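Data block below; observations after.
The values are calculated or read from the model by the stated rules, or taken from the named source; none is laboratory data. Note that the structure is predicted; figures quoted are calculated from it, not measured. We place every Cβ from the backbone using ideal geometry, glycine too, and count neighbours over all the protein chains shown. To get the accessible areas, we keep the full protein, side chains included, count just its heavy atoms, and leave off ligands, DNA and RNA. Shrake-Rupley method; radii C 1.70, N 1.55, O 1.52, S 1.80 Å.
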Amino acid sequence: MMNNVRWLKTILFLCLLTVIVTTTAAQTVTGPLGEQFSARVVAKGLSGPWEITYGPDSLLWVTESKGYTVSRINPKNGNRTVLLDLSGNKNFPRYDTMPEEVSKGKPWPQGGLMGLALHPQLLTGKPYVYLSYIYHFEGAEAEDSGAAPNYGGYFFKTKLVRYTYDAQKQTLHTPQILCDTIPGSNDHNSGRLLIAPVGGEAYLFYTVGDMGAGQYDNAGRPNFAQRTDKYEGKVLRFQLEPDQDAGTYDKWIPNDNPFNSDRQNAVWSYGHRNAQGLAYAVVGNKGRIYTAEHGPFSDDEINIIQKGKNYGHPLIVGYNDGNYNGLAAGATSHSSLPGQWHTTYPFIKSESANVRAIGAENYQDPIHSFYPSSNQFLHAVLARTKQDSEEKPEWPAVAPSSIAVYTASAIPGWQNSLLVTSLKEKRLVRLKLNAAGDGLTGDTLTYFKAPARYRDVALSMDGRSIFLAIDSVQASSGPSEDADTQDQQSQCSGCIIAYTYQPASHSSNETNLVQQLRTAVQKMNKKQQHTIRANLAPAQRRAFNLLLISDLTTTEEAQVRQNALELQHAVKQVK
């Protein structure tokens with residue numbers, strides 16, 4: 001019965017998605033709190049859109065991971081201008097489009113052309129665009145798949161480059177290499193770029209995954225997420241412009257990075273698995289960097305990144321709650337590999353003991369973990385994985401592919417929310433930050449559920465439009481893999497969809513909603529009112545208290561309307 005219901009829901013959304021793709025007229029989508037959005041396709045048929053950034057020119061800057069192009073796309077009419085084609089800047093072809101007898105089983109790297117970041121002064125004197133892309137495969141000339149022996153993995157290299165933007169000629173030119181020794185793989189490359197301030201000065205941050213070292217084809221590859229002298233499993237920090245250091249690449253590494261010693265070191269934080277989401281925002285008068293990171297068999301994470309901190313992988317997974325005690329962050333059936341779980345991931349005897357060994361002053365728990373499954377459930381999953389049975393184990397996962405911080409006030413109740421795209425669950429997740437910005441409050445809300453692997457999210461300057469990029473492939477690895485048919489995925493393969501908030505359709509009912517809330521709250525007993533207050537953020541709590549007052553000022557009425565949707569949700573939970 002449940003499969004029939006799920007299939008019916010899929011068919012209904014496919015019908016809507018087909019209408020959106022094949023018509024120019026916008027369609028209406030309703031959010032979980034009654035928000036109304038128009039939905040339309042901005043672009044389609046892109047070759048693996050990876051990064052979409054809303055630029056200061058009000059255009060979308062897009063990287064295509066498979067096509068290796070950088071484009072500007074007009075979000076109003078979809079007009080696209082290619083600024084740069086890097087398809088000839090790598091030593092390997094499109095293995096993913098070749099028959100296996102031709103490719104010899106050689107893999108395409110996870111990603112390809114990945115991150116993009118625009119200098120804050122792009123249009124005012126510093127026209128710089130920063131890109132990351134995989135350019136070298138060590139096994140390209142091999143007669144076989146090019147893998148290292150005994151599941152030792154596939155070794156690629158990633159390059160971080162600054163280009164200069166010519167607005168008149170619409171090109172990117174004069175590449176300057178910041179670093180060309182970043183490790184790469186066919187798994188867990190991460191690949192997000194971000195420009196964010198530290199101490200009032202802007203820097204470039206870049207996420208590098210752990211290469212999938214310890215799982216699948218890389219199960220025998222050493223995992224270096226805990227080594228600060230290696231770039232795997234890290235957040236790196238670079239300068240936007242070179243300094244006076246002698247080394248060709250040292251000049252791009254800040255002299256106050258936390259692990260500079262005998263040589264310059266770009267590592268800013270470590271102990272990361274696969275941070276594909278990277279964003280910055282000022283919330284509660286303090287700026288923070290947020291990441292969204294893939295977990296192994298559970299515990300996709302939201303982290304706040306701090307200088308020099310250790311985020312635990314692969315010694316602690318998700319919270320320090322002991323659910324991986326006696327387990328590891330990976331498991332295989334390959335008896336030639338070490339340990340109980342046949343992987344280079346270390347055996348986790350005790351997560352709390354690992355935290356003590358790291359040091360409480362160095363270790364950072366996530367501010368949120370999706371699906372922190374029990375030890376019993378996880379043991380069963382790893383055991384079945386180790387057995388390599390025909391019935392593959394399944395586990396719940398968001399598989400977060402990007403993150404944005406919504407700080408605008410255009411959509412009521414959304415201000416200071418984290419927006420996380422999901423590859424596996426095919427939705428946009430909204431998580432409300434607390435007033436300080438260092439934790440979450442309220443429920444996890446789902447938007448724009450569809451048979452589509454959402455790869456990235458971007459926001460318009462006014463906060464009214466949310467742009468979502470959809471993968472042009474069905475799966476990458478692990479929990480992001482899915483059983484959807486190619487027909488389902490291809491309905492909008494390689495698309496960018498704009499969801500634009502419609503205040504007119506929503507505001508027409510705002511007055512009635514506020515009155516309904518006031519009536520409902522005033523009828524509640526003190527215990528019910530206290531229960532609601534306890535679960536509200538400070539701004540919503542103030543608005544809730546105003547519902548108990550008969551005569552409000554214009555400003556107070558506006559405060560209630562601003563929080564009406566989330567107050568309605570809270571009231572329904574108690575009623």
- Of the numbered conditions (1) among the polar types (S, T, N, Q); (2) open to solvent by 50 Å² or more (accessible area, probe 1.4 Å); (3) farther than 27 Å from Val235 by Cβ; (4) touching a residue at least 40 places away in the same chain (Cβ under 8 Å), Ser335 satisfies every one except a single condition; which is it? (4)
- Assuming Val70 fulfils every condition listed in (1) over 17 Å from Pro451 (Cα atoms); (2) aliphatic (A, V, I, L, M); (3) open to solvent by 10 Å² or more (accessible area, probe 1.4 Å); (4) modelled with pLDDT of 95 or more apart from one, which condition is it? (3)
- Message: Cβ-Cβ under 6 Å, sequence separation 6+ or interchain: first residue in the stretch 217-242 and more than 14 Å from Gly330 (Cα to Cα) and among the β-branched types (Val, Ile, Thr), partner in a helix (DSSP H, G or I) and open to solvent by less than 10 Å² (accessible area, probe 1.4 Å). Which pairs?
- Response: none
- Task: Enumerate the pairs (first residue in the stretch 70-94 and closer than 30 Å to Ala39 by Cβ; second residue anywhere and open to solvent by 70 Å² or more (accessible area, probe 1.4 Å) and in a loop (DSSP other than H, G, I, E, B)) with beta-carbon separation below 8 Å, excluding pairs fewer than 6 apart on the same chain, so at least 6 apart or on different chains.
- Result: Ile73/Asn79
- Item | Number of positions in the stretch 532-544 that are open to solvent by less than 60 Å² (accessible area, probe 1.4 Å) and more than 30 Å from the chain's Cα centre (by Cα) | 3
- Output for the stretch 73-93, where each listed residue is open to solvent by less than 60 Å² (accessible area, probe 1.4 Å) and over 22 Å from Lys159 (Cβ atoms): Ile73, Asn74, Pro75, Gly78, Thr81
- Message: Cβ-Cβ distance below 6 Å, separation of 6 or more or different chains: which pairs start in the stretch 35-56 with a residue that is within 17 Å of Thr81 (Cα to Cα) and of a type in the set (Lys, Arg) and end on one that is open to solvent by less than 10 Å² (accessible area, probe 1.4 Å) and not in a strand (DSSP E or B)?
- Response: Lys44/Cys495
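In this structure, does Ser369 turn out to be assigned to a strand (DSSP E or B) and at pLDDT 95 or above?
Against the criterion (assigned to a strand (DSSP E or B) and at pLDDT 95 or above), Ser369 qualifies.
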- Message: Within the stretch 16-33, take every residue that is open to solvent by 30 Å² or more (accessible area, probe 1.4 Å) and modelled with pLDDT of 50 or more and give me the one that is nearest to the chain's Cα centre (by Cα).
- Response: Pro32
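Out of Leu517, Leu445, Leu468, report the one residue that is at pLDDT 95 or above and farther than 30 Å from Asp57 by Cα.
Among Leu517, Leu445, Leu468, only Leu445 is at pLDDT 95 or above and farther than 30 Å from Asp57 by Cα.
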- If we scan the stretch 406-423, do we find a residue that is out of contact with any Phe, Trp or Tyr (no Cβ under 8 Å at 6 or more places or on another chain), polar (S, T, N, Q) and at pLDDT 95 or above? yes
- Any chance the stretch 348-360 includes a residue that's assigned to a loop (DSSP other than H, G, I, E, B), of a type in the set (Ser, Thr, Tyr), at pLDDT 95 or above and over 28 Å from Arg453 (Cα atoms)? yes
- Task: Kindly provide the set of residues from the stretch 284-305 that are buried (at least 16 other Cβ atoms within 10 Å of the Cβ) and in a loop (DSSP other than H, G, I, E, B), ordered by number.
- Result: His294, Gly295, Pro296, Phe297, Ser298, Asp299
- Of all residues in the stretch 401-411, count the ones that are open to solvent by less than 10 Å² (accessible area, probe 1.4 Å) and not in a strand (DSSP E or B). 1
- Please specify each residue of the stretch 133-155 satisfying the condition of being buried (at least 19 other Cβ atoms within 10 Å of the Cβ) and more than 20 Å from Lys90 (Cβ to Cβ). Tyr151
- Message: So the check is Cβ under 7 Å with 6+ separation or different chains; which pairs have a first residue in the stretch 459-487 that's at negative phi and assigned to a strand (DSSP E or B) and a second one that's at pLDDT 55 or above and among the acidic types (Asp, Glu)?
- Response: Ala469/Asp456
- Item | Lone unmet requirement of (1) over 25 Å from Thr181 (Cβ atoms); (2) in contact (Cβ under 8 Å) with a residue 12 or more places away in the chain; (3) open to solvent by 30 Å² or more (accessible area, probe 1.4 Å) for Val102 | (2)
- Task: Take the stretch 254-275 and flag every residue that is at pLDDT below 95 and either among the hydroxyl-bearing types (Ser, Thr, Tyr) or under 15 Å from Gln226 (Cβ atoms) (or both).
- Result: Ser261
- Item | Meets criteria (out of contact with any helix residue (DSSP H, G or I) (no Cβ under 8 Å at 6 or more places or on another chain), over 25 Å from Thr207 (Cα atoms) and either open to solvent by 30 Å² or more (accessible area, probe 1.4 Å) or modelled with pLDDT of 95 or more (or both)) for Leu382 | yes
- Query: Counting just the residues of the stretch 440-459 that are surrounded by fewer than 19 Cβ atoms within 10 Å (Cβ to Cβ) and of a type in the set (D, E, K, R), which one comes out farthest from the chain's Cα centre (by Cα)?
  - Reply: Asp443
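For every residue, the table says whether it meets (1) buried (at least 22 other Cβ atoms within 10 Å of the Cβ); (2) out of contact with any Ser or Thr (no Cβ under 7 Å at 6 or more places or on another chain).
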residue	(1), (2)
Pro396	no, yes
Ala399	yes, no
Leu419	yes, yes
Lys426	yes, yes
Arg430	yes, no
Asn434	no, no
- Item | Residue, nearest to Arg464 (Cα to Cα), within the stretch 37-54, restricted to residues that are in contact with a Lys or Arg (Cβ under 7 Å, 6 or more places away or on another chain) and open to solvent by less than 20 Å² (accessible area, probe 1.4 Å) | Ala43
- Message: Of everything in the stretch 257-315, what is free of Cβ contacts under 8 Å to residues at least 60 places away in the same chain, within 27 Å of Leu423 (Cα to Cα) and touching a Ser or Thr at 6+ places or on another chain (Cβ under 8 Å)? Give them in sequence order.
- Response: Tyr270, Gln306, Tyr311
